[in-house]
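The values are calculated or read from the model by the stated rules, or taken from the named source; none is laboratory data. Keep in mind it's a predicted model, so treat the numbers as computed, not measured. When we count neighbours, we look across all protein chains shown, and the Cβ atoms used for this are built from the backbone with ideal geometry, even at glycine. Heads up: the accessible areas ignore ligands, DNA and RNA and are worked out on the full protein's heavy atoms, side chains in. Shrake-Rupley method; radii C 1.70, N 1.55, O 1.52, S 1.80 Å.
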Amino acid sequence: MKSKIYSFTVILSLVLIFSGCAKAKPKRTAPEGKELQKLENPVTVDYLKQNLHKSLPRLVLNTAIEKELLEKLKTDPVVQNLYKAIQINADNIQKKPLLERKLEGRRLLGVSREMLYRINMLGMVYRIEKDGKILKRINEEVVAVCNFKDWNPSHYLDVAEMSMAVALAVDWTAGKLPKSTIDLAITSLIEKGIKPSYNAKGNTGWVKGTNNWNQVCNGGMIAASIAIAEKDPELAAKTISRSLDGIPYAMQEYAPDGVYPEGSTYWAYGTSFTVVTSAMLESAFGTDFGLANYPAFQKSAMFRVLMNTPSGWYYNYADCGDKRTESGDVTLAWFATKTGNKAFFEKERFLIPTSELGELSRVSGVGLVWISQFKEKEDAIVPTAWKGDGPNPIVIFTGGANDPRGYYFGGKGGKGTTSHGNMDAGSFIFELDSVRWSVDPGNQSYNAIEQAGFDLWGNCQDCQRWTLLTKNNFGHSTISVNNALFVNNGYAPLKEFIEGSTPEATFDLTAVYGANLQSATRRFLKENDHSILIEDHFTTSKATQSIVWQMMTTAEVEVVKGGAILRQSGRELKLENLANPELTISVISLDPPPFYLDRKMPGLKRIEIRMPAWTVKEGIGSMKVRLSGK
């Protein structure tokens, strides 16, 4: 099967995995006790007229940048290989029918993304080859989408991606499209792209939102504004200025350590649009107004690297896809170019034969530009023990580069009401011998759930979202109490983190249990290169009836005295119930899952250790479980 060079996600069967939480009410303020750091924002009509590059192209490319790209195409094997793949993709696009305004559920997003993909491929080939046949197809693509009645402003991601696509088409063809097409495109960018974002009754909470919508939609509006600047400088300046004011509300979420609260594939989505936005501003104005150097943003490259596990899966917490692709990460490569760090430039993956690359990511055209700019300065050391604090704190323990044991552990805190969040505080994944033993059930198709009339996006305590196994605590490797849901907005902070050869981390889970426990902490300790210790300490309350230790797995499980033996892919893992060996282990099959809308995962099961509250002496209890290989 052909892999895809997607820096975004590998779960393309879940085409709408990135569609965002339409009903979420984003925070509008900086974290408590912290002042929002703003971007530079000198943009006015006069600034626009004085500082915006007059000649085209000016979005990601300009004359100087394009000259460097052309030189690299002569000598750089990575640039040559990726461009060859872009050419193949452009050829394949010309065999496809033109796009039509067909919604999937409430979204036009698939169409908008396809348009952005097509323009990235066709546009880059046109810039290099100046092929009249390619220009003709770009013209046809632009006319087709600009004749849509609208770009579906009720779901503004659709408008944003379409706006970026049309803006790039106009810019990269640099006046060579028919005047009628240019006029149609500019009018469409104004009427169907920018103006609906000023509708107070519309879906415009993203302007100062704190999730991926902010990054994608503001990026699309900036692209559109630069494209229409000569036609309507007042609207362009006002919109760019608004975006420069709004973008920091999403950027602050990377603080303090670079963790993306919505998970790795959403990092790829939101971050990809932020780096494109930075590149557009740089090429058009000579500055990105501080965006690339926003606090903790560049730290997020290490987060992205550490989310890739030995098995080929992501650490797939939140609404994250399962696995990465075999191909190079285009978005991560931007960070390599900015820092010179080789660890962020996946050269071997970029050099995969073009016959194996398949359909490229929709930002591979713009990505080719910054990939051509990479100059190695240093090789960042990827830590074997790492913490990422913030709204959704995580810890990672690994075996390091070329680890023969394929060791990987990821554990987390946080709260359910984080954007795209789950009731998964205290949960963990664990790999040994490159086999995933403790799993996170991950994400599932949004549209399929929504079409069933299910409210996926409400996150109140009693909302339907929490009935899904992928979203509630019963589908995660954590502790559940009284068979109750976690408190939806109970926040579990990272309490302690100790580095070293035997790193450890402790999360305070007290808030997620409400009245069901007085206190609870969970400690993770990497004892050696083949084991992890999970240690829980808790104080019961009058309401406490039962405490259940849970681990989600797809392995075969044999219950033995004092624990269990897990078998998978020809390997074995021992589970030892160290603190309470008298408690019998139970195995609950979740294949098929309990609810018809739950994600169906072959072999999924929940290992349980149940402790009745009456057995907890003086209300102070503990559980200690070791997972170890041979």
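Structure values in brief
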item: Charge sum, other residues only, whose C-beta stays under 13 Å from residue 217's C-beta, Lys/Arg counted +1 and Asp/Glu -1; result: 0
item: Length released on extending from residue 401 to residue 49, taking residue separation times 0.36 nm less the Cα-Cα span; result: 121.6 nm
item: Accessible area of the chain belonging to carbon and sulfur atoms, whole % at 1.4 Å probe; result: 51
item: Calculated FRET efficiency for the pair residue 230/residue 140, C-beta based, R₀ 30 Å, to 0.05; result: 0.75
item: Mean Kyte hydropathy of 0.5 or more with a Cα span along the axis of at least 20 Å, helices from DSSP in the chain; result: 156-173, 264-285
item: Å² per residue, accessible surface of the chain at 1.4 Å; result: 37
item: Summed residue charge, Cβ within 11 Å of residue 423's Cβ, Lys/Arg positive, Asp/Glu negative; result: +2
item: Potential lengthening between residue 461 and residue 64 on full extension [0.36 nm per residue; Cα-Cα distance subtracted]; result: 137.5 nm
item: Cα centroid of region 453-489 to Cα centroid of region 121-142, whole Å; result: 48
item: Quotient of Cα Rg and 2.2 N^0.38 Å for the chain, N being how many residues it contains; result: 0.98
item: Computed FRET value (nearest 0.05) for residue 183 with residue 287, which takes r as the C-beta separation and R₀ as 41 Å; result: 0.85
item: Rounded to the nearest 20 debye, dipole of the chain from Cβ charges on Lys, Arg, Asp, Glu; result: 940
item: Estimated [θ] at 222 nm from DSSP helical runs (n ≥ 4, -39500 (n - 2.57)) normalised by residues in the chain, nearest 500; result: -9500 deg cm²/dmol
item: Rg and Dmax [Cα atoms of region 475-625; Å; Rg one decimal, Dmax integer]; result: 15.9, 46
item: Stokes-Einstein D for region 294-407, Kirkwood Rh over Cα pairs, 20 °C, 1.002 mPa s (µm²/s); result: 140
item: FRET efficiency for residue 80 and residue 589, using Cβ-Cβ distance with R0 set to 45 Å, rounded to 0.05; result: 0.30
item: Charge dipole (debye, nearest 20) of region 146-205; +1 at Cβ of Lys and Arg, -1 at Cβ of Asp and Glu; result: 140
item: Whole-number D in µm²/s for region 46-199 (Stokes-Einstein; Kirkwood sum over Cα pairs; 20 °C, 1.002 mPa s); result: 131
item: Hull-based mean projected area of region 25-126, where the convex hull spans the alpha carbons, in square nanometres; result: 12.0
item: Fully extended contour minus Cα-Cα distance, from residue 37 to residue 133, at 0.36 nm per residue; result: 29.9 nm
item: Inter-site label distance for residue 620 and residue 565 at 7 Å from Cα along Cβ, in nm; result: 3.8
item: Low-density loop cleavage sites - GluC sites (Glu not before Pro) in region 74-117, where at most 14 other Cβ are within 10 Å (DSSP); result: 100
